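Asks: Pasting in a structure now, in structure tokens, and then I'll have a few things to ask.
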Amino acid sequence: MSTEPETALRDYLASAGLGLTVATNLFQGPMRPASGAQEAACVYVLQTGGPAPQDELGTGKAIVPYTVQVRVRSATGEYVNGRTLAKAVWAACHQAAITGFFGISVQQAGPMYLGEDEDGRHQFSFYVTMNAHEQF
């Protein structure tokens, strides 16, 4: 089975009732600079690797603990709204039920504040572990 954790997490967040829409305010890949109102308040998901796979003895399979970074950016000057969105996304990710993955958990006690960009947009980040069974 081929898994795409960042795609799976993005699609899950789009269906989680958080007001996130793919390609409008929810994106896959590294965070890009904001370009107008379209991406002012938004969420990005990016697979960043993870620990080494753990072989499941005698099966030819391994448990692969993918790590996905989630970054949230607020609209200009909207720290509280950005933090609220980051916390909601963080809560949705912890123990999420996503087909093809198990043991999904956040790695921090809450979103980490990263500061403001040059336009006063506040940024937050956290990491999610998404385990999958992979055939090698």
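Just so it is clear, none of the values below were taken in a lab; they were calculated from the coordinates. None of the values given here were measured: they were computed from a predicted structure. When we count neighbours, we look across all protein chains shown, and the Cβ atoms used for this are built from the backbone with ideal geometry, even at glycine.
Asks: Under the rule of at least 5 residues apart or a separate chain, name every residue whose amide H is placed under 5 Å from the amide H of Leu26.
Replies: Under 5 Å from the amide H of Leu26 lie the amide H atoms of Thr21, Val43, each far enough along the sequence or on another chain.
Asks: Going by how many other Cβ atoms sit within 10 Å of their own, how do His133, His122, His94 line up, fewest first?
Replies: Result, fewest neighbours first: His94, His133, His122.
Asks: Among Ser105, Ser15, which comes first, then next, by fewest other beta-carbon atoms within 10 Å?
Replies: Ser15, Ser105
Asks: Hand me the GluC sites (Glu not before Pro) from the range 1-101 located in a DSSP loop with no more than 12 other Cβ atoms within 10 Å, in residue order please.
Replies: none
Asks: Given 0.36 nm per residue, what is the gain on full extension from Leu18 to Asp55 after removing their alpha carbon distance, in nm?
Replies: Working it through step by step, the gained length comes to 9.7 nm.
Asks: Right, next: To check you understand DSSP bridge types, tell me what percent of the beta bridges within the chain (both residues inside) are antiparallel, rounded to 5.
Replies: So the antiparallel bridges amount to about 90 percent of the total.
Asks: Which net charge results when you count Lys and Arg as +1 and Asp and Glu as -1 among the other residues whose beta-carbon is under 15 Å from that of His133?
Replies: Its environment carries a net charge of -3.
Asks: Please list, in order along the range 102-109, the HN-Hα scalar couplings obtained from phi with the Karplus expression 6.51 cos²θ - 1.76 cosθ + 1.60 (θ = phi - 60°), rounded to whole Hz, x for Gly and Pro.
Replies: Karplus values, whole Hz, x for Gly and Pro: 9, x, 6, 8, 7, 9, 10, 6.
Asks: What's the exposure ranking of Met130, Met31, going from fewest to most Cβ atoms within 10 Å?
Replies: Met31, Met130
Asks: Please list, in order along the range 64-70, the HN-Hα scalar couplings obtained from phi with the Karplus expression 6.51 cos²θ - 1.76 cosθ + 1.60 (θ = phi - 60°), rounded to whole Hz, x for Gly and Pro.
Replies: Residue by residue, the range 64-70 yields 10, x, 5, 10, 10, 8, 10 Hz.
Asks: In sequence order, what are the phi-derived ³J(HN,Hα) couplings for the range 110-119 according to the Karplus relation 6.51 cos²θ - 1.76 cosθ + 1.60 with θ = phi - 60°, rounded to whole Hz, with x for glycine and proline?
Replies: Using θ = phi - 60°, the values come out as x, x, 8, 7, 9, x, 9, 7, 5, 9 Hz.
Asks: D for the chain, whole µm²/s, Stokes-Einstein with Kirkwood Rh over alpha-carbon pairs at 25 °C and 0.890 mPa s: what number?
Replies: Rounded, D is 160 µm²/s.
Asks: Please list the non-local residues whose amide H lies under 5 Å from the amide H of Glu78, H modeled 1.01 Å from N, same-chain partners needing a gap of 5 or more.
Replies: Excluding prolines and chain starts, which carry no amide H, the hits are His122.
Asks: Sort out for me the Cα centre separation of the range 1-30 from the range 40-73, rounded to whole Å.
Replies: For the range 1-30 versus the range 40-73, the Cα centre distance is 14 Å.
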